[in-house]
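Trainee: One structure coming up, written as structure tokens, with questions to follow.
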Ligand code: BGC
């Protein structure tokens, strides 16, 4: 009883504390808005970039200074560096009539100036503390340099590796994606109480990752059940974690562009999910609605505002047309007020009305930007992001003696290591693999190097990959000469380490590929190296799963290294020599061929399921290829081995308000200490909406010393057994459930129970 009263009292205190802050904010914003003209209100909805950074659309804004002076700008992005930001804020504070502070955003996607592994790589760590720490570290660094808003996390679920932007997300699974979304929002925003935090922005709302054919910006179309079950959860998780803003996506949903989609932005996001932040468009997304076929600029701008969009990125559709639309009765003043209020509230929460220069502190910038502790975070994150796909004859870890031939176009390369979407990450701070290996071995081993091949010999592809600077350099030596040098170098070595892959800008925005194989000249290099008969360790860099059936056969050992950021070379050396025992697990399935796409672990059985490894007539299969991926979701090896006991269940019958405990003992039976990601999958065997063969519903990353065993228990509550039914209700239904626990989505260790 006493406890209940106490809890009630605590709730009252926190509720009233919350509403007091809210009430204070409301009266402040009310008073300010009373002073604002219609133009000034519309000005707050305008997000501009002066160019100079990376412009991802065809246009950047002009006359930005005069627009700031007249109060026609609410926020800026693409202004980088504490001194530049101070200048712009000063311009605003000393010229605009009401002196409403600007806030400053940027794409702080995987680190700010200190660059971390690309998000797809980070997701393979399955390490939520680590991921949160990278976001936290990026927030500390970026906020010290004047920024207060990041366009991250990108949480678009993607099942199609042709889409270049898979590099920016967390892969194919909604459960894992949701955990990562939450970790990142918390990492960036903290409690927003001090100036080391950034407003986060969940993007791209919504379904951007389901672009047809994997072609960027393309149409999406799917059932609501599929949306709710597989694509929406990570956005919702970000909202639940208190994300301050959301960015609309370029695609349409049910035939209505996301930026003008009222169901999406108002009914779902605000009403169903209770989102309290503001909605910003993606780059010129309002203007692009003209091409979608939704009307002229005036019409689409009004449509976007009516739908629930608050801020117009770059396009100036709001700035130039809303006043007229108001006159014509196409929108209401209330709609403008609502949007304006949300922007002002964000500024209030950032503390900018108390101090417009709160984030602008040169002393902090000098201390935090590119500091040594941040590089350490980058290296820790990088080693955890690498996935060991193959390790024949325990070739890895390498011994630090003898002669090692380091070969490949990415082996001594700085410019690609930061990966795509590192707008503030300077390549000159990257440690190439050759340097990292030399740092690690000192004089203990002899390191030889040859480039062996260009990243690609295809001039057109090279040109596209080089739009943001030279990522693919075509060597003055001919491809044959490069190859010959490599083979001669390899012949002198005991072991070959070949660092091959894509250029960093062969993935990312507007970098879709219909052929996701390794460029053929690099496959030719691997074939020639294989011919030497030496053990061939392949380190593969890419921003997406590649089709590597042939290459994985050529490799004795295969490390999927993605793009690991500034500390790439040191991190890869850590893994190659066993300083760090790899623990990464794939978060996207690796297809055997492009024709298999989409291939993902949580597929439906169909009415004619094909038994694995077989090929029968009148079954759901391909004549020429197995249904399974080359490497499945959740897969990744270690230098040690982990054995799983059978699953023991606390009960074989459960009910909606009961918890079943599923326990396994995991034993490290190999020769190294190591970490394992223990994964729980659930199969709901009979349901009113058919369920996939497996859904990830839990995971734990554990560390085991060699020889050590640990019990791992998962609590399975009603929550883990639910799905979205045809009425889009989140329900569980009675029946038999089978769970799987193991180190990959193809785990076969299972147990069943009944839900009554
Ligand atoms: C991208 C966004 C990004 C924005 C601003 C767009 O092209 O789709 O992800 O945040 O540009 O740079």
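Trainee: At q = 0.19 Å⁻¹, what base-10 log of I(q)/I(0) does the Debye formula yield for the range 577-698 when every alpha carbon is treated as an equal point scatterer in vacuo?
Mentor: These q points yield log10 I(q)/I(0) values of -1.20.
Trainee: Sticking with this structure for a sec: Using only the alpha carbons of the chain, determine the length spanned along each of the three principal axes and report them from longest to shortest in whole angstroms.
Mentor: 78, 69, 55
Trainee: In addition: Test of understanding: express the Cα radius of gyration of the range 379-455 as a ratio to 2.2 N^0.38 Å, with N the residue count.
Mentor: Values: Rg = 14.1 Å, N = 77, 2.2 N^0.38 = 11.5 Å.
This ratio for the range 379-455 stands at 1.23.
Trainee: Next up: Taking the highest mean first, how do the peptides 663-673, 375-385, 642-652, 737-747 order by number of other beta carbon atoms within 10 angstrom per residue? Mind showing how you got there, number by number?
Mentor: On the way: 663-673: 17.3, 375-385: 23.5, 642-652: 14.8, 737-747: 21.5.
Per-residue mean Cβ counts within 10 Å order the peptides as 375-385, 737-747, 663-673, 642-652.
Trainee: Sticking with this one: Considering the alpha-carbon set of the range 141-283 alone, what are its Rg and its Dmax in angstrom?
Mentor: Considering the range 141-283 through its Cα atoms, Rg and Dmax are 14.4, 44 Å.
Trainee: On to the next question. Once Rh for the range 35-140 is found with the Kirkwood sum over Cα pairs, what is the Stokes-Einstein diffusion coefficient at 25 °C and 0.890 mPa s, in µm²/s? Intermediate results must be reported in sequence, preceding the final value.
Mentor: Values: Rh = 15.6 Å.
The calculation lands on 157 µm²/s.
Trainee: Considering the Cα positions of the range 586-625, please state its Rg to one decimal place and its Dmax as a whole number of Å.
Mentor: Here Rg and the maximum Cα pair distance are 10.9, 32 Å.
Trainee: Using square roots of five times the C-alpha gyration tensor eigenvalues, list the equivalent-ellipsoid semi-axes of the range 285-401 in whole Å, biggest first.
Mentor: Numbers: eigenvalues 471, 136, 25 Å².
They are 49, 26, 11 Å, listed largest first.
Trainee: So what are the three principal axis dimensions of the range 630-671 from its Cα atoms, in whole Å, longest to shortest?
Mentor: Largest first, the range 630-671 extends 41, 25, 12 Å along its Cα principal axes.
Trainee: Which peptide among 258-270, 350-362 comes first, and what is the full order, when sorted by highest mean count of other Cβ atoms within 10 Å? The partial results should precede the final answer.
Mentor: Numbers: 258-270: 22.7, 350-362: 18.6.
The most tightly packed comes first, giving 258-270, 350-362.
Trainee: Shape verdict for the range 330-384, please, from the Cα gyration tensor: rounded (a/c under 1.5), prolate (a/b greater than b/c) or oblate. Mind dumping the intermediate values first?
Mentor: On the way: a/c = 5.44, a/b = 2.09, b/c = 2.60.
Verdict is oblate for the range 330-384.
Trainee: Over the range 209-299, what number does the Rg to Rh ratio reach, with both radii from the alpha-carbon atoms and Rh per Kirkwood?
Mentor: On the way: Rg = 13.2 Å, Rh = 13.8 Å.
My calculation of the ratio gives 0.95.
Trainee: For a protection proxy built on the mean count of beta-carbon atoms within 10 angstrom, sort 721-727, 75-81, 277-283 highest first, please. All intermediate terms of the calculation are to be shown ahead of the outcome.
Mentor: On the way: 721-727: 17.0, 75-81: 21.7, 277-283: 25.7.
The packing order, highest mean first, is 277-283, 75-81, 721-727.
Trainee: Would you kindly calculate the mean projected area, averaged across all directions, of the convex hull enclosing the Cα atoms of the range 111-181, in square nanometres?
Mentor: Values: hull surface 18.5 nm².
So the Cα hull casts an average projection of 4.6 nm².
Trainee: Let me ask something else. Output the Cα-based Rg and Dmax of the range 540-617 in Å, rounding Rg to one decimal and Dmax to a whole number.
Mentor: Looking at the range 540-617, its Cα Rg and Dmax stand at 16.5, 51 Å.
Trainee: Please give the calculated 222 nm ellipticity per residue for the chain, where each DSSP H segment of at least 4 residues contributes -39500 (n - 2.57) and the sum is spread over every residue; nearest 500 deg cm²/dmol?
Mentor: -9500 deg cm²/dmol
Trainee: Seen from all sides and averaged, what is the projected area of the convex hull of the Cα atoms in the range 642-755, in nm²? Write down the numbers at each step before the final one.
Mentor: Details: hull surface 26.9 nm².
So the mean shadow area of the Cα hull is 6.7 nm².
Trainee: Taking the alpha carbon gyration tensor of the range 372-590, what are the square roots of 5 times its eigenvalues, largest first, to the nearest whole Å?
Mentor: Numbers: eigenvalues 105, 90, 56 Å².
Its equivalent ellipsoid spans semi-axes of 23, 21, 17 Å.
None of the figures in this text is laboratory data; all of them are computed from the coordinates on show. The structure displayed is predicted, hence computed values, not measured ones. In this analysis, Cβ positions are derived from the backbone assuming ideal geometry, glycine residues included, and neighbour counts consider all displayed protein chains.
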